[in-house]
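Okay, structure first, notes after.
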Amino acid sequence: MEGLKRQRVFDLLKGNANHMIEQEVNVKGWVRTRRGNKNVHFIALNDGSIIHNIQVVVEVADFKNEELLKHITTGACISVNGKLVESKGQGQSLEIIAREIELYGGADPEKYPLQKKGHTLEFLREIAHLRPRTNTFGAIFRLRHALAFAIHKYFNDHGFFYLHTPIITGSDAEGAGAMFRVTTLDLDNIPRTEEGKVDFSEDFFGKETNLTVSGQLEGELGALALSNIYTFGPTFRAENSNTTRHLAEFWMIEPEMAFYDIKDNMDLAEDFLKYLIRYLLENCPDDLEFLQKMYDSELIERLRFVTSNTFERLSYTEAIEILMASKQSFEFPVSWGVDLQAEHERYLVEKHFRKPVILTDYPKEIKAFYMKLNEDGKTVRAMDVLFPKIGEIIGGSQREESYDKLFGKIKEMGIHEKDVWWYLETRKFGSAPHSGFGLGFERLMLFVTGMGNIRDVIPFPRTPQNAEF
Ligand code: 4AD
Ligand code: MG
């Protein structure tokens, strides 16, 4: 077949393709549908560059190879050379009158699972290798890309440096969740010490190692040198939580800033979230409109609402008072000192304030060792950002910069000094006030797509009992 430069469907439908009208172009992609009669076929072709298909018109009489046309069924991959023309049909601007078609790969209609009818999201999870070819997952994965790009752009434009923190870690000090062990030991023949314990000195790194639950501790080391850094990488939690908001492998964005106090930290979190949502509203309208039409009729309105309203800021103590005074009956009873459950967070956001909320100053017992202690001696300078439909989307804090206080806390919590000696040294040498937070990437993806299950906003979800694909 004649070698023309491939045009992306996006460029034909959204770019300025006017100069190509009446000329020969090439498109390649996957057949979504084929309809027509014995004289003319209409192929809806999609190459994933955009939610819309381009229509390819095939005049059967023009085609010598009628056998080939039989294989152009839903799911087949083809390359088309033909003339780009203004469409006479409704609903599309340009179409291609095919002159030559090459079949790259057929898709047996008896076997190809993505036939025209709408499939359930549950079924599509079982075919995660093919679901990117649906409109829904095409839209979600393009949005995921745009969101990742906007995150890097925001930080780059604000003078933050992207710091790569390790995936394999020798410290489990963070305490954010159960960890996945990393080992090359022969599990059928585990070396033992004299006391009968596993002898990790024989392991690959000569010590116990795990997959990281957070890049924060290393991120702090970066901030105490480069001032403003962020991480953006996969994190792992081995909790057996089978919910619509938890993954065993998820992506987290963790900015860490020297010289920021908790207020600066909140301001950054709010500005950052609003920027990201605005970026998607401006750059991905077609995909958002599709998801709104299919899954969540208030999606775009909700996104606009968040970008144009100030987040409500209040303390944990004030939140507890509101929850205790409410008439709502909660599954988990509320009193000062308890960790807030999703039902409490969503009550505050969806029923009481009806907008995003930032809660601060949590009891020290329910938060991590590194958070800065308040003057009351009971609460720490923590902040959680709570979103409608999601609950907690960000967790962060001002960090304890005093060596003595941090050291005391480590002893109190039974953390081994040998695991965090390097972290403690930053408080010994040139310590500085600093703050940071972690944004769950897939939690934000849930919010911006309107999807209800976190398994549907990451290409290949990892959850308990599930690591297929
Ligand atoms: O609140 P978390 O545990 O905070 C940290 O890990 C801190 N080290 C962050 C920091 O201060 N640098 O987690 C941060 C966010 C949560 O608010 C939530 O959005 C998300 O990560 N998250 C999860 N997302 C999906 N699946 C899970 N299992 C998650 N656990 C936390
Ligand atoms: Mg948290």
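The values are calculated or read from the model by the stated rules, or taken from the named source; none is laboratory data. If you're wondering where the values come from, they're calculated on a predicted model, not measured in any experiment. As a convention, Cβ positions derive from the backbone with ideal geometry for all residues, glycine included, and neighbour counts pool all protein chains shown. The area values use the complete protein model at the heavy-atom level, side chains included, leaving out ligands, DNA and RNA. Shrake-Rupley method; radii C 1.70, N 1.55, O 1.52, S 1.80 Å.
The single condition from (1) of a type in the set (Gly, Ala, Ser); (2) at pLDDT 95 or above; (3) within 16 Å of ligand 1 (Cβ to nearest atom) that Ser335 fails is (3). Mind checking which residues of the range 359-392 are within 18 Å of Thr310 (Cα to Cα), open to solvent by 10 Å² or more (accessible area, probe 1.4 Å) and touching a strand residue (DSSP E or B) at 6+ places or on another chain (Cβ under 7 Å)? Result: Thr360, Glu392. Take the range 113-148 and flag every residue that is small (Gly, Ala, Ser) and open to solvent by less than 30 Å² (accessible area, probe 1.4 Å). If the condition is that a residue be small (Gly, Ala, Ser) and open to solvent by less than 30 Å² (accessible area, probe 1.4 Å), then Ala128, Gly138, Ala139, Ala146, Ala148 are the ones that fit. Looking at the range 52-94, which of its residues are touching a strand residue (DSSP E or B) at 6+ places or on another chain (Cβ under 9 Å) and among the polar types (S, T, N, Q)? Those that are touching a strand residue (DSSP E or B) at 6+ places or on another chain (Cβ under 9 Å) and among the polar types (S, T, N, Q): Asn53, Gln55, Asn65, Thr73, Thr74, Ser79, Asn81, Ser87, Gln92, Ser93. Among the residues of the range 338-349, just one is at pLDDT below 95 and in contact with a Pro (Cβ under 8 Å, 6 or more places away or on another chain), namely Arg346. Taken over the range 190-230, the criterion of being within 19 Å of Phe160 (Cβ to Cβ) and within 16 Å of ligand 2 (Cβ to nearest atom) is satisfied by Ser214, Gly215, Gln216, Leu217, Gly219.
Of all residues in the range 393-420, which are open to solvent by 60 Å² or more (accessible area, probe 1.4 Å) and either within 13 Å of ligand 2 (Cβ to nearest atom) or at pLDDT 95 or above (or both)?
Start the filter on the range 393-420 by keeping residues that are open to solvent by 60 Å² or more (accessible area, probe 1.4 Å), which leaves 404-405, 411-413, 416-418.
Hits for the range 393-420 are Asp404, Lys405.
Rundown of residues vs (1) more than 37 Å from the chain's Cα centre (by Cα); (2) crowded, with 18+ Cβ neighbours inside 10 Å; (3) free of Cβ contacts under 8 Å to residues at least 12 places away in the same chain, yes/no style:
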| residue | (1), (2), (3) |
| --- | --- |
| Leu12 | no, yes, no |
| Gly36 | yes, no, no |
| His41 | yes, yes, no |
| Gly48 | no, no, no |
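Does the range 300-307 include one or more residues that are part of a helix (DSSP H, G or I), out of contact with any strand residue (DSSP E or B) (no Cβ under 9 Å at 6 or more places or on another chain) and either farther than 30 Å from Thr120 by Cα or polar (S, T, N, Q) (or both)? Yes. Take the conditions (1) in a loop (DSSP other than H, G, I, E, B); (2) under 26 Å from the mean Cα position of the chain (by Cα); (3) over 20 Å from Val448 (Cα atoms); Leu359 misses just one of them, which is (1). Checked against (1) assigned to a loop (DSSP other than H, G, I, E, B); (2) within 22 Å of the chain's Cα centre (by Cα); (3) buried (at least 21 other Cβ atoms within 10 Å of the Cβ), Ala238 meets all criteria but (3).
Annotation note: Cβ proximity below 6 Å between a residue of the range 314-337 that is over 16 Å from Thr360 (Cα atoms) and a residue that is part of a helix (DSSP H, G or I) and open to solvent by less than 40 Å² (accessible area, probe 1.4 Å) (sequence gap 6+ or interchain) occurs for Gln328/Tyr347; Val334/Leu323.
If you take the residues in the range 241-265 that are open to solvent by less than 20 Å² (accessible area, probe 1.4 Å) and not in a strand (DSSP E or B), which one is nearest to Val457 (Cα to Cα)? Among them, the one singled out is Leu247. Taking the range 382-416 as the range and being β-branched (Val, Ile, Thr) and within 30 Å of Leu303 (Cα to Cα) as the test, the residues that pass are Val385, Ile390, Ile393, Ile394. The set of residues in the range 421-469 being away from ligand 2 (no atom under 16 Å from the Cβ), open to solvent by less than 20 Å² (accessible area, probe 1.4 Å) and among the acidic types (Asp, Glu) consists of Asp456 alone.
Sort out which residues of the range 424-445 are within 9 Å of ligand 1 (Cβ to nearest atom) and closer than 23 Å to Pro388 by Cβ, and write them in order of number. Hits for the range 424-445 are Phe437, Gly438, Leu439, Gly440, Phe441, Glu442, Arg443, Leu444. In the set Asn242, Asn283, only one residue is polar (S, T, N, Q), within 12 Å of ligand 1 (Cβ to nearest atom) and touching a residue at least 40 places away in the same chain (Cβ under 8 Å); that residue is Asn242. Among the residues of the range 179-189, count how many are open to solvent by 50 Å² or more (accessible area, probe 1.4 Å) and either closer than 14 Å to Asn210 by Cβ or within 16 Å of ligand 2 (Cβ to nearest atom) (or both). Final tally of qualifying residues: 4.
For Ile151, the conditions (1) at pLDDT 95 or above; (2) open to solvent by less than 60 Å² (accessible area, probe 1.4 Å); (3) under 27 Å from Pro464 (Cβ atoms) are fulfilled apart from (3).
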